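K.L.:
I have a structure here, written as structure tokens, and I will follow up with some questions on it.
What follows is calculated from the coordinates using simple rules that are stated; it is not laboratory data. Predicted model, so just to flag it, every value in this text is computed and none were measured. Virtual Cβ from ideal backbone geometry, glycine too; neighbours counted across all protein chains shown.
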Amino acid sequence: MLSPNLDLDVLRSLVAAIDLGGFGRAAAKLGRSQSAVSLQMQRLEAQFDRPLFRKEGRRLALTDAGDTVLAYARRLLALNDEAVAAVRGSAVEGSVRLGVVQDLADSTLAPVLARFARAHPAAHVEVRVERSVTLLDHLANGRLDLAVTFTRAGSDAVIELPLAWIATPDFVRERDQPLPLVLFEAPCFCRQAAIEALDAAGIPWRIALTSPSLAGLWAAVSAGLGVGVRTTHALPPGLVPIEAGLPRLPKIGFALRSSTAPLSPAAMRLREIVAETLTTRI
């Protein structure tokens, strides 16, 4: 028996529905009616001969089969889009300057650069990995075309992640002593969020170590000098999120910012790839 051929347009609707949280939002993004998207999903379920969606309150949820289909849908669409970009964008040349905060460099840069290089081999990319405050300064002064920076949750964030208290698994909080903190130098979103949360909870604290680099922070936390405050994305081995009676921290956003100057074709294409990577890989 021949396997059915999956329709990429239908798979794109599926991914949009899950990423945006509903058939209506997916329909608006794709320029279709909600009933048309619903019909696409019914046909997709018929192709697999099993339900892909389940009820979970008002939220759109997937069955185990749906999760499997979604994973393959993302891969098929990425390959399709890469093939189109490779042919249409092979003539894209020139340079593009990208800045990324240290927290995302190890996990995000490699897939972004690999995908961009395959599609646009004639283009040149210059990358800076810095703190948000430095990247914003470079962007404002025309030294970067694009930058992924921290931002407050609920503002212009592409994605949002919860902040957490980070320490070694054997960390013990001494209740009669100020909480030792390992933080970036001010100004810093994570630093401010930690201090505000501790002050609101009436928990005394002290700065045990500051560093301009994320590697320096992780080294100090790993050495047991104190507690760090970051997202749990791409934590180094040996470090874990802890509670220890500490107050809950807010979410923090990652924003994709562009220079005020007109973007080149290379910069516009790289911006698309960065945005897609942030929303699908983190």
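K.L.:
From the backbone phi of the range 146-156, what are the Karplus-calculated ³J(HN,Hα) couplings (6.51 cos²θ - 1.76 cosθ + 1.60, θ = phi - 60°) in whole Hz, Gly and Pro given as x?
P.N.:
Whole-Hz 3J(HN,Hα) from phi for the range 146-156: 9, 8, 9, 10, 6, 8, 5, 4, x, 9, 9.
K.L.:
Further, regarding this structure: Out of residues 5 or more away from R97 or on other chains, whose amide H comes under 5 Å of its own, with H placed 1.01 Å from N in the peptide plane?
P.N.:
Amide H neighbours of R97: E126, D145, L146.
K.L.:
Something else: Select from the range 185-282 those trypsin sites (Lys or Arg not before Pro) which occupy a DSSP coil region and have at most 13 other Cβ atoms within 10 Å, ordered by residue number.
P.N.:
Passing sites in the range 185-282 are R248.
K.L.:
Let me ask you something else. Would you list the P(r) distribution for the range 34-115, with all Cα-Cα distances sorted into 10 Å bins from 0 and each bin expressed as a whole %?
P.N.:
With 10 Å bins starting at 0, P(r) equals 13, 29, 26, 23, 8.
K.L.:
Whole-Hz Karplus ³J(HN,Hα) for the range 172-187, in order, using 6.51 cos²θ - 1.76 cosθ + 1.60 and θ = phi - 60°, x for Gly and Pro?
P.N.:
Per residue, the Karplus-derived 3J(HN,Hα) values read 10, 7, 7, 5, 8, 10, x, 5, x, 10, 10, 9, 5, 5, 5, x Hz.
K.L.:
Here's something else I'd like to know. Evaluated at 10 °C with a viscosity of 1.306 mPa s, what Stokes-Einstein diffusion coefficient in µm²/s does the range 1-82 have when Rh comes from the Kirkwood expression over alpha-carbon pairs?
P.N.:
123
K.L.:
Treating only the Cβ of Lys, Arg, Asp and Glu as charged (+1, +1, -1, -1), what charge dipole size does the range 89-129 show about its Cα centre? Round to the nearest 20 debye.
P.N.:
100
K.L.:
Taking H as built 1.01 Å from N, whose amide H comes closer than 5 Å to the amide H of L179, not counting residues under 5 places away?
P.N.:
Here W205, R206 satisfy the definition.
K.L.:
Run the Debye formula on the Cα coordinates of the range 159-253, all scatterers equal and no solvent, and tell me log10 I(q)/I(0) at q = 0.12, 0.18 1/Å.
P.N.:
Each listed q corresponds, in turn, to -0.32, -0.75.
K.L.:
Calculate how steeply helix 34-48 sits against the longest principal axis of the alpha-carbon atoms of the chain, using the helix alpha-carbon long axis, and give the answer as 0 to 90 degrees to the nearest 10.
P.N.:
It works out to around 80 degrees.
K.L.:
Order these by the 10 Å Cβ neighbour count, fewest first: S259, S95, S155.
P.N.:
S155, S95, S259
K.L.:
What percent does the relative contact order of the chain come to when contacts are Cα pairs within less than 8 Å and at least six residues apart?
P.N.:
Rounded, it is 20 percent for the chain.
K.L.:
Separate question: Could you tell me the relative contact order of the range 159-253? Use alpha-carbon pairs under 8 Å, at least six residues apart, and round to a whole percent.
P.N.:
Across the range 159-253, relative contact order equals 50 percent.
K.L.:
Further question on the same structure: Given H placed on each backbone N at 1.01 Å, which residues far from L163 in sequence or on other chains put an amide H within less than 5 Å of it?
P.N.:
Close amide H contacts, sequence-distant or interchain: K251, I252.
K.L.:
Sticking with this structure for a sec: Considering the dipole of the chain built from charges on the beta carbon (Lys and Arg +1, Asp and Glu -1) around the Cα centre, which of V100, L44, A255 is farthest to its positive end?
P.N.:
So the residue furthest toward the plus end is L44.
K.L.:
Using θ = phi - 60° and the Karplus form 6.51 cos²θ - 1.76 cosθ + 1.60, what ³J(HN,Hα) does each residue of the range 238-251 get, whole Hz, x for Gly and Pro?
P.N.:
Going residue by residue, I get x, 10, 9, x, 10, 10, 6, x, 8, x, 5, 9, x, 7 Hz, with x marking Gly and Pro.
K.L.:
About the Cα centre, and with charges only on the beta carbon of Lys, Arg (+1) and Asp, Glu (-1), how big is the dipole of the chain? Nearest 20 debye, please.
P.N.:
Using Cβ point charges on Lys, Arg, Asp and Glu, the chain gives about 520 debye.
K.L.:
By per-residue mean of other Cβ atoms within 10 Å, what is the highest-first order of 236-247, 102-113?
P.N.:
Packing order, densest peptide first, comes out as 102-113, 236-247.
K.L.:
Please state the shape class of the chain: rounded when a/c is under 1.5, otherwise prolate if a/b exceeds b/c and oblate if not, all from the C-alpha gyration tensor.
P.N.:
Because a/c hits 1.5 or more and a/b fails to exceed b/c, the chain counts as oblate.
K.L.:
By per-residue mean of other Cβ atoms within 10 Å, what is the highest-first order of 171-183, 8-20?
P.N.:
Those peptides, ordered most packed to least, come out 8-20, 171-183.
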